[in-house]
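See structure below.
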Amino acid sequence: MKIGMCMFLWTTKIGPEHEPLLADIKKTGFDGVEVPVFEGSAAEYAATGRMLDGLGLERTAVTAMGDPALNLISETASHRAAGIDYMKHALECCAALGADRVSGPLHSTLGHFSGSGPTQAELERSVESQRLIGDTAAQQGVTVCLEALNRFECYLLNTMDDLAEHIKAVDHPNIRAMYDTFHANIEEADPIGALARNKDVVHHIHISENDRGVPGRGNIPWAETYAAIKDTGYDGWLTIEAFGRGLPDLAAATKVWRDFSESPEAVYREGYAHIRKSMNTAGL
């Protein structure tokens, strides 16, 4: 099991200026960080990978598409093609970075709504898009971990059951699922059961408190969550995802209007201690 910290709390693009912070994250005990992949070239991400290697930090990746012109389920073919091209570039950057997985709501446009639930045609277009993306992911040695988001951020896939059914329809080894405790806390009648039932597709896990603040301070059923992680046999990353107001575009997309902790240091230092203690208690 590896413990990671998503860099969304500070930035959507890591650079040399973040090296002191990354060094402290390593000193805290983290095995690696989750690197946002948005703008930038593969060569730039390769440089970031070298910096992380020097610090002894492994890495995963995260991205999203907020532009409807990149919508992978759009009825407009050029929009779907543009979204696939975006993902191809992101996967090239992930490979250059040295990340073997990229997670996020990589099935549809974040924050874009049709005014109704997903149609069968949208789901079919998603299957087609994901299979093409999966082929590129396989070539790059990267697994795409699709995320079920709460109904206020997307409408295509809100629950783990729906996500798992969709992944099975895609039927590609490089298209898997991520379980996020924040979204499950909103959408699942039984968050623990949602993880247990769908363990066969889960390839990545985000540890996120119910308010997106410091893990362990809120109302997520953590003891039961870690027990379920053990029971499923999952042995991948447990990555903290928390948000702040420092990045206006990301704050708007994730509906962050207030501070959820007294400092970023509280999030990753106390969050790491929470994960380590919970793992020990669960026998992980």
Query raised in the report: Where nothing but the Cβ of Lys and Arg (+1) and of Asp and Glu (-1) is charged, how large is the charge dipole of region 180-282 around its Cα centre, in debye to the nearest 20?
Result: 180 debye
Requested in this report: For region 23-31, take each phi angle, set θ = phi - 60°, evaluate the Karplus expression 6.51 cos²θ - 1.76 cosθ + 1.60, and give the result in whole Hz per residue in order, putting x for glycine and proline.
Outcome: 5, 6, 4, 5, 4, 5, x, 5, 7
Query raised in the report: Roughly how many debye, to the nearest 20, is the charge dipole of the chain about its Cα centre, given +1 on each Lys and Arg Cβ, -1 on each Asp and Glu Cβ, and no other charges?
Result: 420 debye
**Report entry** Sorted peptide list for 268-276, 38-46, criterion being average Cβ within 10 angstrom, highest first
**Finding:** 268-276, 38-46
Query raised in the report: What residue among Glu128, Glu75, Glu241 has the largest mean-square fluctuation in a Gaussian network model of the chain, using Cα springs under 10 Å?
Result: Glu75
Report task. Calculate one ³J(HN,Hα) per residue across region 274-280 by plugging θ = phi - 60° into the Karplus curve 6.51 cos²θ - 1.76 cosθ + 1.60, and present them in order as whole Hz with x for glycine and proline. Result -> 4, 5, 4, 5, 5, 4, 4
Requested in this report: Please list, in chain and number order, the residues 5+ apart from Glu58 or on another chain whose amide H is under 5 Å from its amide H, with Hs placed from the backbone.
Outcome: Gly32, Val33
Requested in this report: Return a whole-number percent for the relative contact order of the chain, with Cα pairs under 8 Å and 6 or more residues apart as the contact set.
Outcome: 18 percent
Query raised in the report: Along the charge dipole of region 2-282, which of Gly117, Ala282, Ser103 sits closest to the positive end, that is, farthest toward it, with unit charges on the beta carbon of Lys, Arg, Asp and Glu (+1, +1, -1, -1)?
Result: Ala282
Report task. Starting from the amide H of Leu72, placed 1.01 Å from N in the peptide plane, find each other amide H under 5 Å away whose residue is 5 or more places distant or on another chain. Result -> Thr109
Report summary line: Scoring region 177-282 by relative contact order with C-alpha pairs under 8 Å, at least six apart, yields a percentage of 27 percent
**Report entry** Amide H partners (placed H, <5 Å) of Asn210, local residues excluded
**Finding:** Gly218, Asn219, Ile220
**Report entry** Alpha-carbon spread of region 187-280, three principal axes, descending order, Å
**Finding:** 37, 26, 22
**Report entry** Residue-by-residue Karplus 3J(HN,Hα) for region 154-166, coefficients 6.51, -1.76, 1.60, Hz, glycine and proline x
**Finding:** 7, 10, 6, 9, 10, 10, 5, 4, 5, 4, 4, 4, 5
**Report entry** Within a Gaussian network of the chain (alpha carbon springs, distance under 10 Å), most fluctuating of Gly115, Gly49, Gly213
**Finding:** Gly115
Report summary line: Dividing the alpha-carbon radius of gyration of region 53-122 by 2.2 N^0.38 Å, where N counts its residues, gives 1.32
Query - Overall Cα dimensions of region 18-166, principal axis frame, Å, largest first - result: 47, 27, 24
Requested in this report: Normalise the Cα radius of gyration of the chain by 2.2 N^0.38 Å (N = residues in it) and let me know the number.
Outcome: 0.93
**Report entry** Cross-link reach list, lysines versus Lys230, counting only Cα pairs under 20 Å and skipping chain neighbours closer than eight places
**Finding:** Lys2, Lys199, Lys277
Query raised in the report: For region 83-135, what number results from the quotient of the Cα radius of gyration and 2.2 N^0.38 Å?
Result: 1.29
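Values quoted throughout were computed directly from the atomic coordinates according to the rules given, and no laboratory measurement underlies them. What you see is a predicted model; the values in this text were computed from it and never measured. Reconstructed Cβ throughout: ideal geometry from the backbone, glycine too, with neighbour counts over all protein chains shown.
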